[in-house]
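Accompanying notes for the structure given below.
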Amino acid sequence: MSQIALPLATGGGGPPRIVVGKSNARAVEALGSPASWPFHTAVLVGPEGSGKSLLAGWFSAEGRGDVLDDAPAYPEAEIFHAWNRAQEGGRPLLLTARPGWKIALPDLVSRLAGSLQLEMQAPDDAMIEDLLAAHAERRGLALGDAAFTYLTPRLERSHAAAEAVIAAIDRISLERQAPPTMSIWRDALEAVQGPEQRRL
């Protein structure tokens, strides 16, 4: 499993991890070398649960630059001033957002258009399996290769789905006071994706 351990204090299960796969490898590489960013700024876009905030937290904790996580939640004037500070001081600025971020301020649109654009793609099968393993590890949930072999081809291709199905397996196992076997994997898939999963 290819992962980055993030030096962030969190509750339970040790430090969070980011699984590195084809969907985010370019972003991870770029965040490791911010000196090359045009206008000292990068915009990282991805769906909910895709690891943007973890990457941003790692970037900030490493002292690589300033971060506005969930940039659309900030006033556009504040983002504009942060961009100007990055130009004046040469300190990298990372912005994160979900797809479809609409900016009203024309001057901000033009400035961010010239910045490095990074997009988190949907995970492939190999990354889904690694994500499942990472979430299970974080919860201290004992799942063997058979579980990942069963879950991976049946699961929606998204980071959020991988996290949700492991959370469901953990919850159902605790409710039944039973180890996670195939019946629990199947019921967890149904809880996350709907009853059609019973036919698989």
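Counting only residues that are modelled with pLDDT under 90 and assigned to a helix (DSSP H, G or I), the stretch 134-160 holds 7 of them.
None of 58, 101 is within 19 Å of the chain's Cα centre (by Cα), free of Cβ contacts under 8 Å to residues at least 60 places away in the same chain and farther than 27 Å from residue 135 by Cα except 101.
Results for (1) in contact with a Pro (Cβ under 7 Å, 6 or more places away or on another chain); (2) under 22 Å from residue 26 (Cα atoms); (3) crowded, with 18+ Cβ neighbours inside 10 Å, shown as yes or no for each residue.
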{"position": "115", "(1), (2), (3)": "yes, yes, yes"}
{"position": "129", "(1), (2), (3)": "no, yes, yes"}
{"position": "149", "(1), (2), (3)": "no, no, no"}
{"position": "164", "(1), (2), (3)": "no, no, yes"}
{"position": "178", "(1), (2), (3)": "no, no, no"}
{"position": "181", "(1), (2), (3)": "no, no, no"}
{"position": "184", "(1), (2), (3)": "no, no, yes"}
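Looking at the stretch 149-200 only, could you name the residues that are free of Cβ contacts under 8 Å to residues at least 12 places away in the same chain and of a type in the set (Gly, Ala, Ser)? Once the filter is applied, which keeps residues that are free of Cβ contacts under 8 Å to residues at least 12 places away in the same chain and of a type in the set (Gly, Ala, Ser), the stretch 149-200 yields 178, 183, 194. Can you find, within the stretch 48-97, the residue that is surrounded by the fewest Cβ atoms within 10 Å (Cβ to Cβ) among those that are part of a strand (DSSP E or B) and not β-branched (Val, Ile, Thr)? In this case the residue turns out to be 66. Residue count for the stretch 104-140 satisfying the condition of being in contact (Cβ under 8 Å) with a residue 40 or more places away in the chain and in contact with an Asp or Glu (Cβ under 7 Å, 6 or more places away or on another chain): 1.
The values are calculated or read from the model by the stated rules, or taken from the named source; none is laboratory data. Being a predicted model, the structure only gives us computed values, none of them experimental. Every residue, glycine among them, receives a Cβ derived from its backbone with ideal geometry; neighbour counts consider all protein chains shown.
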